[in-house]
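One structure is given here, and the rest of the page talks about it.
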Protein chains: 4
Amino acid sequence: MREIGIGIVGGGYMGKAHAVAMAAVGAVFATTLRPRLEMVCATSEASAERYRAAYGFARATADWRALVADPRVEAVIIASPQETHRPIAEAAFAAGKPVFCEKPLGASLEDSRAMVAAAERSGLANMTGFNYIRTPASQFARALVREGAIGRVTWFRGEHCEDFLADPERPANWRTTGEANGTMGDLAPHMINAALALIGPVERLIAEIETVHHDRPGGRVGNDDQAQMMCRFASGAMGHLHFSRIATGRKMGYAYEITGTRGAIRFDQEDQNALWLYRAEGPEATRGFAKILTGPAHPDYLAFCQGPGHGTGYQDQIIIEARDFLRAIETGEPVWPTFRDGLEVSRIVAAARAAAAERRWVEVADF
Amino acid sequence: MREIGIGIVGGGYMGKAHAVAMAAVGAVFATTLRPRLEMVCATSEASAERYRAAYGFARATADWRALVADPRVEAVIIASPQETHRPIAEAAFAAGKPVFCEKPLGASLEDSRAMVAAAERSGLANMTGFNYIRTPASQFARALVREGAIGRVTWFRGEHCEDFLADPERPANWRTTGEANGTMGDLAPHMINAALALIGPVERLIAEIETVHHDRPGGRVGNDDQAQMMCRFASGAMGHLHFSRIATGRKMGYAYEITGTRGAIRFDQEDQNALWLYRAEGPEATRGFAKILTGPAHPDYLAFCQGPGHGTGYQDQIIIEARDFLRAIETGEPVWPTFRDGLEVSRIVAAARAAAAERRWVEVADF
Amino acid sequence: MREIGIGIVGGGYMGKAHAVAMAAVGAVFATTLRPRLEMVCATSEASAERYRAAYGFARATADWRALVADPRVEAVIIASPQETHRPIAEAAFAAGKPVFCEKPLGASLEDSRAMVAAAERSGLANMTGFNYIRTPASQFARALVREGAIGRVTWFRGEHCEDFLADPERPANWRTTGEANGTMGDLAPHMINAALALIGPVERLIAEIETVHHDRPGGRVGNDDQAQMMCRFASGAMGHLHFSRIATGRKMGYAYEITGTRGAIRFDQEDQNALWLYRAEGPEATRGFAKILTGPAHPDYLAFCQGPGHGTGYQDQIIIEARDFLRAIETGEPVWPTFRDGLEVSRIVAAARAAAAERRWVEVADF
Amino acid sequence: MREIGIGIVGGGYMGKAHAVAMAAVGAVFATTLRPRLEMVCATSEASAERYRAAYGFARATADWRALVADPRVEAVIIASPQETHRPIAEAAFAAGKPVFCEKPLGASLEDSRAMVAAAERSGLANMTGFNYIRTPASQFARALVREGAIGRVTWFRGEHCEDFLADPERPANWRTTGEANGTMGDLAPHMINAALALIGPVERLIAEIETVHHDRPGGRVGNDDQAQMMCRFASGAMGHLHFSRIATGRKMGYAYEITGTRGAIRFDQEDQNALWLYRAEGPEATRGFAKILTGPAHPDYLAFCQGPGHGTGYQDQIIIEARDFLRAIETGEPVWPTFRDGLEVSRIVAAARAAAAERRWVEVADF
């Protein structure tokens, strides 16, 4: 057991989540590496200091280069805006430090590729932050599919739908400008990553990307509100993905259904502690989707609670990520999803943009 | 109140449903026209006689022309295989008799067009049998959308998924041969009709149609197992439709979600007595999808039961259709969905087949 | 196959339900006896004639004695107020006619006993109308418990909760006067019957019966709004029953949970086409309550529809009752629940009234 | 902001939960007092050292007196077996230290009384650990009831059901011996506390307490498996509570329904991020139970996540408790539930034991 100094760039939504996770992960998982909240970086000295005090970091800075270079910072978490991901990651790897980067990996496909190159050149631990796929339920779904519990997959439908911009009167803000902050840039990567994790590579796709509300109080909207794509997986399965930030009523609609020849799985993050499993077994009269409550029998649950059905939450997903990142650092073994896995998601986003613009099916291999 | 002699062509699944409906509809709705089960037609004298005795018809025949021509048969219900729809309908209209025809209207787009022409030339009552849209819940959903209760619709997702052919070991049978009996021919029309009823005309679409299990015990499969389409409604809404007869675990997965700028609706026929409604009103803390149980406050419920939540079922949808058909006959006013409405569905099916074959977006106007 | 003339006393809520059921049952179940709607009786000539015309009876009367005595009435259905049940039933049996009587059997325990005596003396078919237990789901639940699918039952909780009098401003009416029309008289019998059917005899119990809203616009309330009882079944299982007509938000809350040593069952009539079954089998990780949709694999479903999950409704329960009553008449074999079964329910209601009044545990054997 | 040294007695299930909570609470809530994991006590030096290392405490001990007396331990959390609660609490108060004690407060009513006396004499912060009532959903339910959102409460039903001893072949262990470890001692307090929090004091009750499985592999069972009580709240509401550790299929069945004259609430901890609210408002046609997903609009959610529907879990409840305990220490103001609130629960448990033994209604005031 030894301490490791953690530096986090960004102290907002995800920066806080990672700070809490690093504070808790040692006690939860009895990790070999024990995080020390060493330094937090924000856009101004004042906000950095505020985050430092709130989350319990030792030091604060408004200069991410100082954080990356600091000798007591031994690992870097990037939770800053997407266009900053690449330079920070490149600097951190250059300084010999493992990097955890929030999704999406790069602000562009080019950025993502460069980040993977830097990561792989360095030989250092690198991870992309797709937290939702780390619930015990979704990890279990992944295991079920892999083991063939539902037979050969013939259909996958996934969605990531929220409604934070459903009201057309909601004013324009940073989320309504910049491709990276639109629905395809911000929400889609989570469910694309889930599709890849659950079903495997996508071969071709066709997509629609749309801005529904072009004008909002305070300004013109510069990115997309909703999108959908039909796709074909390399395994042969047919698929559909839908993403929306205007899905009135949906709060955390990260949901999927997987149909196989011998069973099916359904999941909705809004009830993240349940997985629905149907198996075409036994007498017809007793078949039905079973609502399985996650518990110690499922991946990464027991560390949080010995009782089944007691439930894990959003913050716990980040704690699981923290454990994985520490393990990657400790063992030198890559832990999924690496930067390369993040790049695969970026390629599909890029392919979808092309398919939507050109109104035609595209091959993912071309991206 | 006066009697009307009913002739039904086909005594199987839907033939029986209509026979029961005609026996019950008078008592349920106190209709002006009171059906008399006059004659049933089946493929052989023996099976026709069996149906006659079972359902309580006065007479039986193996010749639909005899049924259509019989003077005591005053209205004709077509519940026979799809390739027979057109000649029966044409003969019935020629004989001056109103016709109710099970979906899909014609076995081909050409047939459907001819049937509409015959119907409209005759000036007689004509209806297409889309029963699911007649539940109190879906009728209410339609009213809510029309009244603007959820604002402007931005997204529609519909599916008709069952699993009766999910098992690849299920032998080949009549359902696995003939385009009209495939998923696009048999299941898709229901949900396409729902989409049109709920959201309005479809402008363009792109589709995939697939046979997953090509070989089954007993023979080669000649039609499609699953399909999907992305579409754009004339109203501007983005849409997606999915159809499957291999959706393991789904028994009556006629389900839709409608997202609007001020609310949303969700429905699943597997719980046909509930409609989920979200309204973006009131304090955020008390917003949520309300599970509304159908009752006397909803369309066509009260005649079945005075108590809310007591529930209607599959057979009741057919009884509602029967009431509507009798009303169309009685009043001379067309009752939705007419043959022309059935044709609209056929056009979309045809457009989807073309879009899938040519792997491109198509305009529905071209079909 | 032969006709049988049906006479129904009462043309309101349940009278209509039975009229529709008798009109439809032949076609649905291909019964040997084919009902003919012979005569309907109501409180006035005018209303009787109105019912006759609406439901399609041959004749109408305001005198139930005339109906019972009529030679063309071969079987009698009692759907009139509870205090009339006994004299009508006694007269019908005396006239040699089978009787179906709506629940609760008699308006008092004494009435119920007299009715059983008359029925058994006559040797004629007799049935009590507990419709809810006849859904395919509840019939299947009964079979599962009987076969030991959930092991030994240790706990039963049942409720019959509606909210038609939840609003204190709802005016006083016939439902708010007379013991027989209160919650214990009107709603409780359904769930008590279910408890007996599912778990077996009740040995002892203690209860609370309460009028919550004593005054309503238009008058003083004369009967009970809600009640509960703890009970012990002869099998050893612990039980609880709850009844309410002021259960705000509950529309048809006829619901139960049955816990056994090897499994559990949950059911709610508000989603009457689903039964939830948990079995303590297989790996812990895949255990969960399965939502089983009723279908042809379940009792009495197939006659209504060949497709699973398509759903039956309230009216279909009455059609199943009609089939059972006709079968009892035809075969001479008693069909559950007979008048004696109805009496068992009345005894528990009487025991509960005593337990509540005396505030102590009572033995059902004493009633 | 200043540090505070925390000592935890017990390192098992709840000891770990509190250790994690104290590690995380500062970052989550930006608390003024910042916990330092100072010392953990377990039954042996070896296990204490193991807990120390795993959770990150500075020191370990096998002697709770040493922990209580240690000058660097400034607050004590009791998470050890119930019979140890009283002496530890008394010693801690005597040493001038605030105490957080896991439920149930004392192993007996006498112990609970003594603990309240010691706490109140000391004037120090004291809290009882009822974590489930601290979910954002249940806190919101409490607020809704208090504000009259559902009118006057007429009915409350609560249960705490799990199935960890449902299998009769599960061997005897510490949980199957000792009154305090039975269902009434271990599970019932949670839901009794919820009932008091949501509805207010209980006036009288009658109960049944039962051991279903008397013999298990490895020994005779010495405490109860399931129990139920009917009760009357001081407010006039009728109530029922049920507790079970043999409720096959129920994993975390801490569930309640609250019926009021103008609305109703339903909650089940197995889906802890949803609260179901029915309001008798607006047109009948749009009424239904709304499934409200917890989010920043609900109590204590925002600190865990800015997005609604993203969900909190079991561990987060303990973090909320930690925040409250720190606040009580900091401000000197009692934070609900204090030891006195824990005593109220113990009184009801004692009353229920008497009511069950004597088979009669008892007044809670007599305990």
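The values are calculated or read from the model by the stated rules, or taken from the named source; none is laboratory data. Here the structure is a predicted model, which is why all the values come from computation and not from measurement. Glycine also receives a Cβ, built like all others from the backbone with ideal geometry; neighbour counts cover every protein chain displayed. Side chains included, ligands, DNA and RNA excluded: accessible areas come from the protein's heavy atoms. Shrake-Rupley method; radii C 1.70, N 1.55, O 1.52, S 1.80 Å.
Which numbered condition in (1) in contact with a Gly (Cβ under 6 Å, 6 or more places away or on another chain); (2) within 12 Å of chain C (Cβ to nearest Cβ); (3) of a type outside the set (G, A, S) is the only one that B:R279 fails?
(2)
Identify, from the list A:D341, A:D316, A:D324, the residue that is open to solvent by 10 Å² or more (accessible area, probe 1.4 Å), under 14 Å from the mean Cα position of the chain (by Cα) and closer than 25 Å to D:A54 by Cα.
Numbers: A:D341 fails: closer than 25 Å to D:A54 by Cα; A:D316 fails: open to solvent by 10 Å² or more (accessible area, probe 1.4 Å).
Of the residues listed, the single one that is open to solvent by 10 Å² or more (accessible area, probe 1.4 Å), under 14 Å from the mean Cα position of the chain (by Cα) and closer than 25 Å to D:A54 by Cα is A:D324.
Determine whether C:I348 is out of contact with any Ser or Thr (no Cβ under 9 Å at 6 or more places or on another chain), open to solvent by less than 10 Å² (accessible area, probe 1.4 Å) and either within 14 Å of another protein chain (Cβ to nearest Cβ) or over 27 Å from B:V28 (Cα atoms) (or both).
yes
Checking C:I292 against (1) more than 7 Å from every other protein chain (Cβ to nearest Cβ); (2) in a strand (DSSP E or B); (3) in contact with a helix residue (DSSP H, G or I) (Cβ under 8 Å, 6 or more places away or on another chain), only one condition comes out false. Which one?
Failing condition for C:I292: (1).
Which one of these is touching a strand residue (DSSP E or B) at 6+ places or on another chain (Cβ under 9 Å), open to solvent by 10 Å² or more (accessible area, probe 1.4 Å), at pLDDT 95 or above and in a helix (DSSP H, G or I): D:A46, D:A60, D:A66, D:A92? It would help to see each step written out before you state the result.
Numbers: D:A46 fails: touching a strand residue (DSSP E or B) at 6+ places or on another chain (Cβ under 9 Å); D:A60 fails: in a helix (DSSP H, G or I); D:A92 fails: open to solvent by 10 Å² or more (accessible area, probe 1.4 Å).
Selected residue: D:A66, the only one of D:A46, D:A60, D:A66, D:A92 that is touching a strand residue (DSSP E or B) at 6+ places or on another chain (Cβ under 9 Å), open to solvent by 10 Å² or more (accessible area, probe 1.4 Å), at pLDDT 95 or above and in a helix (DSSP H, G or I).
Among (1) touching a Pro at 6+ places or on another chain (Cβ under 6 Å); (2) over 12 Å from A:I78 (Cα atoms), where does A:T135 come up short?
(1)
If you take just the helices (runs of 4 or more DSSP H) that sit entirely in segment B:125-219, which of them hold at least 2 residues that are among the aliphatic types (A, V, I, L, M) and within 24 Å of B:M230 (Cα to Cα)? Quick ask: steps written out before the conclusion?
Working: elements: B:136-146, B:183-186, B:188-199.
Hits in segment B:125-219: B:136-146, B:188-199.
Does segment D:256-275 contain at least one residue that is assigned to a loop (DSSP other than H, G, I, E, B), of a type in the set (A, V, I, L, M) and more than 7 Å from every other protein chain (Cβ to nearest Cβ)?
For segment D:256-275, residues assigned to a loop (DSSP other than H, G, I, E, B), of a type in the set (A, V, I, L, M) and more than 7 Å from every other protein chain (Cβ to nearest Cβ): absent.
So is D:F156 within 27 Å of D:F367 (Cβ to Cβ), within 14 Å of another protein chain (Cβ to nearest Cβ) and open to solvent by less than 20 Å² (accessible area, probe 1.4 Å) or not?
Numbers: within 27 Å of D:F367 (Cβ to Cβ): yes; within 14 Å of another protein chain (Cβ to nearest Cβ): yes; open to solvent by less than 20 Å² (accessible area, probe 1.4 Å): yes.
Yes, satisfied.
Kindly indicate whether D:L241 is open to solvent by less than 20 Å² (accessible area, probe 1.4 Å) and within 14 Å of chain A (Cβ to nearest Cβ). So that I can check it myself, show each step before the final result.
Numbers: open to solvent by less than 20 Å² (accessible area, probe 1.4 Å): yes; within 14 Å of chain A (Cβ to nearest Cβ): no.
It is false that D:L241 is open to solvent by less than 20 Å² (accessible area, probe 1.4 Å) and within 14 Å of chain A (Cβ to nearest Cβ).
Return the total of residues in segment D:327-338 being in a helix (DSSP H, G or I) and open to solvent by 20 Å² or more (accessible area, probe 1.4 Å). Let's see the steps before the verdict.
Let us first name the residues in segment D:327-338 that are in a helix (DSSP H, G or I), namely D:327-331.
Those still in the list that are open to solvent by 20 Å² or more (accessible area, probe 1.4 Å) too: D:327, D:329-331.
Going through segment D:327-338 one residue at a time, the tally reaches 4.
Could you say which residue among D:T183, D:T248 is within 14 Å of chain A (Cβ to nearest Cβ), of a type in the set (V, I, T), out of contact with any Cys (no Cβ under 6 Å at 6 or more places or on another chain) and touching a residue at least 60 places away in the same chain (Cβ under 8 Å)?
Values: D:T183 fails: within 14 Å of chain A (Cβ to nearest Cβ).
The match here is D:T248.
Could you tell me which numbered condition D:L302 fails, if it satisfies all but one of (1) free of Cβ contacts under 8 Å to residues at least 40 places away in the same chain; (2) within 8 Å of another protein chain (Cβ to nearest Cβ)?
(2)
Restricted to segment A:327-338, and to residues that are of a type in the set (D, E, K, R) and at pLDDT 95 or above, which residue is farthest from the chain's Cα centre (by Cα)?
Looking only at segment A:327-338, we keep the residues that are of a type in the set (D, E, K, R), and these are A:327, A:330, A:333.
If we keep only those that are at pLDDT 95 or above too, we end up with A:327, A:330.
Working: A:R327: 18, A:E330: 22 Å.
Among those that are of a type in the set (D, E, K, R) and at pLDDT 95 or above, it is A:E330.
Taking the residues in segment B:7-43 that are β-branched (V, I, T) and more than 12 Å from every other protein chain (Cβ to nearest Cβ) as candidates, determine which candidate is least open to solvent (accessible area, probe 1.4 Å).
First pass over segment B:7-43, keeping only residues β-branched (V, I, T): B:8-9, B:20, B:25, B:28, B:31-32, B:40, B:43.
So of that shortlist, the ones also more than 12 Å from every other protein chain (Cβ to nearest Cβ) come out as B:9, B:43.
Working: B:V9: 6, B:T43: 140 Å².
Once the filter is applied, the top-ranked residue is B:V9.
Do the conditions hold for D:I192, that is, is it more than 12 Å from chain C (Cβ to nearest Cβ), under 18 Å from D:H240 (Cα atoms) and not acidic (D, E)? Reasoning before the result, please.
Values: more than 12 Å from chain C (Cβ to nearest Cβ): yes; under 18 Å from D:H240 (Cα atoms): yes; not acidic (D, E): yes.
Here the answer is yes, as D:I192 does meet what is asked.
Any idea which of (1) farther than 30 Å from C:P299 by Cα; (2) crowded, with 18+ Cβ neighbours inside 10 Å is the one A:K291 doesn't satisfy?
(1)
Any chance segment A:349-363 includes a residue that's outside any helix (DSSP H, G or I), modelled with pLDDT under 95 and not assigned by TED's automatic domain parsing to the domain that holds A:A27? Give the derivation first.
Applying the first criterion (outside any helix (DSSP H, G or I)) to segment A:349-363 yields A:359-363.
Remaining after also requiring modelled with pLDDT under 95: none.
No, segment A:349-363 contains no residue that is outside any helix (DSSP H, G or I), modelled with pLDDT under 95 and not assigned by TED's automatic domain parsing to the domain that holds A:A27.
Take segment D:69-83 and flag every residue that is modelled with pLDDT of 95 or more and open to solvent by 40 Å² or more (accessible area, probe 1.4 Å).
In the first step, residues of segment D:69-83 are kept if they are modelled with pLDDT of 95 or more; the result is D:69-80.
Across segment D:69-83, the qualifying residues are D:A69, D:P71, D:R72, D:E74.
What single numbered condition from (1) in a helix (DSSP H, G or I); (2) surrounded by fewer than 24 Cβ atoms within 10 Å (Cβ to Cβ) fails to hold for D:M115?
Of (1) in a helix (DSSP H, G or I); (2) surrounded by fewer than 24 Cβ atoms within 10 Å (Cβ to Cβ), only one is false for D:M115: (2).
Of (1) part of a loop (DSSP other than H, G, I, E, B); (2) open to solvent by 10 Å² or more (accessible area, probe 1.4 Å); (3) within 14 Å of chain D (Cβ to nearest Cβ); (4) touching a Lys or Arg at 6+ places or on another chain (Cβ under 9 Å), A:S235 satisfies all except one. Which?
A:S235 satisfies all of (1) part of a loop (DSSP other than H, G, I, E, B); (2) open to solvent by 10 Å² or more (accessible area, probe 1.4 Å); (3) within 14 Å of chain D (Cβ to nearest Cβ); (4) touching a Lys or Arg at 6+ places or on another chain (Cβ under 9 Å) except (3).
Name the residue that is nearest to B:N223 (Cα to Cα), counting only residues in segment B:166-209 that are of a type in the set (V, I, T) and open to solvent by less than 40 Å² (accessible area, probe 1.4 Å).
From segment B:166-209, those of a type in the set (V, I, T) are B:176-177, B:183, B:192, B:199, B:202, B:206, B:209; that's our starting set.
From the residues that got through so far, the ones that are open to solvent by less than 40 Å² (accessible area, probe 1.4 Å) too are B:176, B:183, B:192, B:199, B:202, B:206.
Numbers: B:T176: 6, B:T183: 8, B:I192: 19, B:I199: 29, B:V202: 25, B:I206: 19 Å.
Ranking the candidates gives B:T176 first.
Checking the condition touching an Asp or Glu at 6+ places or on another chain (Cβ under 8 Å) and among the basic types (K, R), which residue from C:R266, C:R279 passes?
Values: C:R279 fails: touching an Asp or Glu at 6+ places or on another chain (Cβ under 8 Å).
Only one candidate qualifies: C:R266.
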